[in-house]
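Worksheet: the structure to be examined is printed underneath.
The values are calculated or read from the model by the stated rules, or taken from the named source; none is laboratory data. All of these numbers come straight from a predicted model, not from anything done at the bench. Note: ideal-geometry Cβ built from the backbone for every residue, glycine included; neighbour counts use all protein chains shown.
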Amino acid sequence: MGWVLKKAGKTLPLLSAVIILLIAWWLLSLGLKSPAVPPPLEALKSLWRSMQGDLPAHLGVSLYRILVSLFLATAMAVPLGLFLGKNPEMDTKAAPLIYLTYPVPKVVFMPILLIVLGIGDVSKIVLITLIAFYQILVTTRDAAKNLDKEYVISVRSLGAGSWDLYRHVYLPGCLPSILTSLRLGLGTAMAVLFLVETYATQKGIGFFILDSLSRMNYEEMFAGIIAMGLMGFVLYLLLDKAEKNLCAWIHT
Amino acid sequence: MKMNNDYLSIKSLKVEYMQNGQALTALESVDLSLPQGKTGVIIGPSGCGKSTLLNVLAGLNPRYSGRVMIDGRTPEGGGETALILQDYGLLPWKTVWDNVILGMQLRKKTHRATKTAAEAVLDKLGLLPMARRYPAQLSGGQRQRVAIARALILDPKLLLMDEPFSSLDALTREEIQDFLLKIWEETQLTILLITHNIEEAVFLGQKIFIMSPCPGKIEQAVDNIMAGDYNLRGRVQFLEMCSFLRSFLHRRGNYGMGA
């Protein structure tokens, strides 16, 4: 009985959110009477048709780009962020470099990346990675920097060396912040994904949406938007799940 | 004075640290000695470098001048010295069990030895039922006991405690003080403890060191035969000792400000 209620406690808000969104959309399409905003039912029907067609292939390509980018960004940013946060003297040296390059909108490099790395997946992955990298790096570094020094002192007094400190103190202590930065990074990555997929490519959900737009098939365009939204939603859920499992100590 | 008999011996210790490009002296010509198996308590205002002193003894700060010897050797981290901090320094992301075995893990002890030792020490401290809990799920007194367990599992010879009971309520505080005494009687380890609390100093310290602030220095070492005697707590002699210490601290006029 308990788990039914617990399940319902989570599903009910989600269900009502979906219903509210659909009603708002429906009202908007009624009010605008524009073919560019089709009613939700038409879009959902189109989504169903597209899922039998080539939409899954486009989604797969996009998912691959996002996942590889986020993985690469995490694999580079987390160790570097922990290192800089643990060693303030290195951080002072690296900080100017980070702060000079962080605010530069990386998307402006897209044309250059296309020329240098070609129009394949590599240029797109590099750009998304670069953007997510900075978000994760800065968050991780700050988390490591602000970690209570009592933890470090007490674990060092037990005989811990540098590696032990990373393993037992810095990484687990910063994990909640790292996962938060991944969630933020995911949002940005999705936005950038759309942008990079609208240029010089025939694959990906971004291309699918823009292609439908150019064919003035608005139902299909919205099908693409829904699919992209759902992809982001599922990735969010996975990160949430990971956080619950990896940071059990916060949820006690 | 025969220095070679002392388990812990500090001679003209000086510690400086840099703050905003300025060298500040935290400790200046500190002399302190404690025989093996005795308890020592350092009392003094906050900010007088007491924690700096413990960091040196725990082997965490090698940048000092003077002579510091623990059992004839210079202090080093991960040896036979255990350090317990004011806020216990327990890792919130590790369960009680994982916190307690951390030192064994770092020393690369076998799985079996670790498990046996952890079970024994947790049982002794009455923590076995909460082994799977996280520190946030424990009361202050329980957390303090976990910190003690984490230190004891390594069989230390010297136990350093930095205001270990300051965030506990009065009742729990006395309970843990009694508990610490029991452990001390059983293991005969050498204990050096920092406190703000005069009664605590008299109850726990066979030697009481009064420290002056900025830069920290031992002003006076008092021998105290009443330490560890439950029956004397609250008796006239005990209170006299307390008021002696209090007047000494007040005479310098700095105690009230610091505390």
Among residues of the stretch A:49-89 being in contact (Cβ under 8 Å) with a residue 24 or more places away in the chain and of a type in the set (S, T, N, Q), the residue nearest to residue A:206 (Cα to Cα) is A:62
Note on residue A:69: of the conditions (1) more than 23 Å from the chain's Cα centre (by Cα); (2) crowded, with 16+ Cβ neighbours inside 10 Å; (3) of a type in the set (Ser, Thr, Tyr), unmet is (1)
For the stretch B:17-28, indicate whether the set of residues that are assigned to a loop (DSSP other than H, G, I, E, B), in the same structural domain as residue B:205 (by TED's automatic domain parsing) and under 23 Å from residue B:227 (Cα atoms) is non-empty. no
Checking A:209, A:153, A:226 in turn, the sole residue that is more than 17 Å from residue A:81 (Cβ to Cβ), within 14 Å of chain B (Cβ to nearest Cβ) and either among the aliphatic types (A, V, I, L, M) or surrounded by fewer than 20 Cβ atoms within 10 Å (Cβ to Cβ) (or both) turns out to be A:153
With the first residue restricted to the stretch A:239-252 and required to be more than 13 Å from chain B (Cβ to nearest Cβ), and the second required to be assigned to a helix (DSSP H, G or I), Cβ contacts under 7 Å at 6 or more apart or on different chains are A:239/A:179; A:239/A:182; A:239/A:183; A:239/A:186; A:242/A:179; A:244/A:251
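One line per residue, one yes/no per condition, for (1) under 30 Å from residue B:105 (Cα atoms); (2) buried (at least 22 other Cβ atoms within 10 Å of the Cβ); (3) touching a Phe, Trp or Tyr at 6+ places or on another chain (Cβ under 7 Å); (4) away from chain B (no Cβ under 14 Å):
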site: A:160; (1), (2), (3), (4): yes, yes, no, no
site: A:166; (1), (2), (3), (4): yes, no, no, no
site: A:183; (1), (2), (3), (4): no, no, yes, yes
site: A:190; (1), (2), (3), (4): no, no, no, yes
site: A:216; (1), (2), (3), (4): no, no, no, yes
Among A:35, A:13, the single one that is outside any helix (DSSP H, G or I) and more than 19 Å from the chain's Cα centre (by Cα) is A:35
When residue B:46 is run through (1) part of a loop (DSSP other than H, G, I, E, B); (2) within 14 Å of chain A (Cβ to nearest Cβ); (3) of a type outside the set (Asp, Glu), the failure sits at (2)
Exercise. Is it fair to say residue B:38 is touching a residue at least 40 places away in the same chain (Cβ under 8 Å), among the charged types (D, E, K, R), in the same structural domain as residue B:8 (by TED's automatic domain parsing) and buried (at least 22 other Cβ atoms within 10 Å of the Cβ)?
Worked result: no
Any chance residue B:29 is away from every other protein chain (no Cβ under 14 Å) and either more than 28 Å from residue B:183 (Cβ to Cβ) or acidic (Asp, Glu) (or both)
yes
Checked the stretch B:119-137 for anything touching a residue at least 40 places away in the same chain (Cβ under 8 Å) and surrounded by fewer than 17 Cβ atoms within 10 Å (Cβ to Cβ); matches are B:136
Per the filter on the stretch B:203-220, residues touching a Phe, Trp or Tyr at 6+ places or on another chain (Cβ under 9 Å) and among the aliphatic types (A, V, I, L, M) are B:204, B:210, B:218
Residue A:93 vs (1) buried (at least 20 other Cβ atoms within 10 Å of the Cβ); (2) in a helix (DSSP H, G or I): all pass except (1)
Okay, helices (runs of 4 or more DSSP H) sitting entirely in the stretch B:162-259 with 2 or more residues that are among the aromatic types (Phe, Trp, Tyr), I get B:170-187, B:236-251
When (1) within 14 Å of chain A (Cβ to nearest Cβ); (2) among the acidic types (Asp, Glu); (3) over 24 Å from residue B:30 (Cβ atoms) are applied to residue B:169, the one that fails is (1)
Here the residues within the stretch B:51-74 that are in a loop (DSSP other than H, G, I, E, B) and under 13 Å from the mean Cα position of the chain (by Cα) are B:58
Next on the checklist: Please verify whether residue A:46 is of a type in the set (Gly, Ala, Ser), within 25 Å of the chain's Cα centre (by Cα), under 25 Å from residue A:204 (Cα atoms) and surrounded by 13 or more Cβ atoms within 10 Å (Cβ to Cβ), treating the condition exactly as stated.
Outcome noted: no
Residue B:49 surrounded by 21 or more Cβ atoms within 10 Å (Cβ to Cβ), touching a residue at least 24 places away in the same chain (Cβ under 8 Å) and at positive phi: yes
Flagged pairs (Cβ under 6 angstrom, 6 or more apart or on separate chains; first in the stretch A:98-120, part of a loop (DSSP other than H, G, I, E, B); second surrounded by 10 or more Cβ atoms within 10 Å (Cβ to Cβ)) are A:102/A:134; A:119/A:200
Test: residue B:121 is assigned to a strand (DSSP E or B), more than 12 Å from every other protein chain (Cβ to nearest Cβ) and in contact with a Leu (Cβ under 7 Å, 6 or more places away or on another chain): no
Considering the stretch B:75-98, residues that are under 11 Å from the mean Cα position of the chain (by Cα) and not in a loop (DSSP other than H, G, I, E, B), and then whichever is nearest to the other protein chains (Cβ to nearest Cβ), we arrive at B:83
Among B:171, B:189, B:160, B:154, the single one that is surrounded by fewer than 19 Cβ atoms within 10 Å (Cβ to Cβ) and either touching a strand residue (DSSP E or B) at 6+ places or on another chain (Cβ under 9 Å) or modelled with pLDDT under 90 (or both) is B:171
